[in-house]
1. Between Lys159, Lys66, Lys197, which gets the highest mean-square fluctuation from a Gaussian network model of the chain, Cα cutoff 10 Å?
2. With a cut-off of 14 Å, note down the residues of the range 1-40 whose backbone N falls inside the zone around a label point 7 Å from the Cα of Asp177 toward its beta carbon.
3. Which GluC sites (Glu not before Pro) from the range 1-108 combine a DSSP loop assignment with at most 13 other Cβ atoms within 10 Å?
4. By how many nm would the segment from Lys107 to Glu32 lengthen if fully extended, with 0.36 nm per residue of separation less the alpha-carbon distance?
5. Taking R0 as 22 Å, what's the FRET efficiency between Glu100 and Met3 from their Cβ-Cβ distance, rounded to 0.05?
6. Could you give the radius of gyration (one decimal) and Dmax (whole number) of the Cα atoms in the range 99-211, in Å?
7. Counting Lys +1, Arg +1, Asp -1, Glu -1, what net charge surrounds Ser120 among other residues with beta carbon under 13 Å of its beta carbon?
8. If eta is 1.306 mPa s and T is 10 °C, what Stokes-Einstein diffusion coefficient results for the range 1-155, Kirkwood Rh from Cα pairs, in µm²/s?
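Read-outs throughout are calculated quantities, based only on the coordinates presented, and are distinct from any laboratory measurement. Because the structure is predicted, anything quoted here is derived from the model rather than measured. Because the Cβ atoms are built from the backbone with ideal geometry, glycine has one as well, and the counts that use them run over all protein chains shown.
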Amino acid sequence: MAMNLKNSALLIVDVQNDFLPGGALAVSQGDEVIPVINALQEKFNFIVATQDFHPEDHGSFAANHKGKSPGEMIELAGLSQILWPVHCVQGSEGAEFHEELNPIKWKAIFQKGKNPEVDSYSGFFDNARREMTGLGDFLHNEGIMNVFVTGLAQDYCVKFTALDAVSLGFKTYLISDATRAVNLNPEDGDKALQEMKNGGVNLIDSSAILN
Ligand code: VGL
Ligand code: ZN
């Protein structure tokens, strides 16, 4: 299958130091996506990245809730919220993109998770869907019709970004070898793939684009 990449964007979700091995919220084997994404970047003219970018007082950090530990649930913005270790704090090394990820062709970076009162897994909306990051309008205004999603983590930000892309009318692909899951529960990555499939996301392998 040779893919036509006209009106197509490559979306690189949260390939940041804190989500890579050694980081505060490490995705195991997360670094394996980097060479795949770099190879994919050669095939796309339109590339956009998202960046998880939290203030220190962010409500998703267990450290900001007395007596709570990562993995516990609270209510945030009226939603049930998993608590995370402190990660991707604005200005920290952990919030930076991995140094081997080539940013040279990126048209824009969309930051998310900046409001301490609500988390933001999707690159398009916060979890309460009250505010947009601007990514959806940006892609629409640039005539993008097809979105190819890559990055971290498959069971959180990648999943919600891909499902929101579908809801905004983009033909949406997940490049499944260009993502890895956190797997707080061992089945989470596979469940996320199934949810994306059921939600209208087309699952492909990078070989569909690279070959
Ligand atoms: C993410 C948990 C918390 C992600 C971000 O990028 O998947 N996961 N913040
Ligand atoms: Zn986060």
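1. Lys66
2. From the range 1-40, the list is 1, 32-40.
3. Working: sites: Glu32, Glu42, Glu56, Glu72, Glu75, Glu93, Glu96, Glu99, Glu100; in loops: Glu42, Glu56, Glu72, Glu96, Glu99, Glu100.
The qualifying sites are Glu42, Glu56, Glu72, Glu99, Glu100.
4. On the way: separation 75, 0.36 × 75 = 27.00 nm, distance 2.36 nm.
Result: 24.6 nm gained on full extension.
5. Details: r = 25 Å, r/R0 = 1.13.
After rounding to 0.05, the efficiency reads 0.30.
6. Looking at the range 99-211, its Cα Rg and Dmax stand at 14.0, 44 Å.
7. Working: positive: Lys112, Lys114, Arg129, Arg130; negative: Asp14, Asp52, Glu117, Asp119, Asp126, Glu131, Asp164.
Overall, the nearby charge balance is -3.
8. Working: Rh = 16.3 Å.
Estimated diffusion coefficient is 98 µm²/s.
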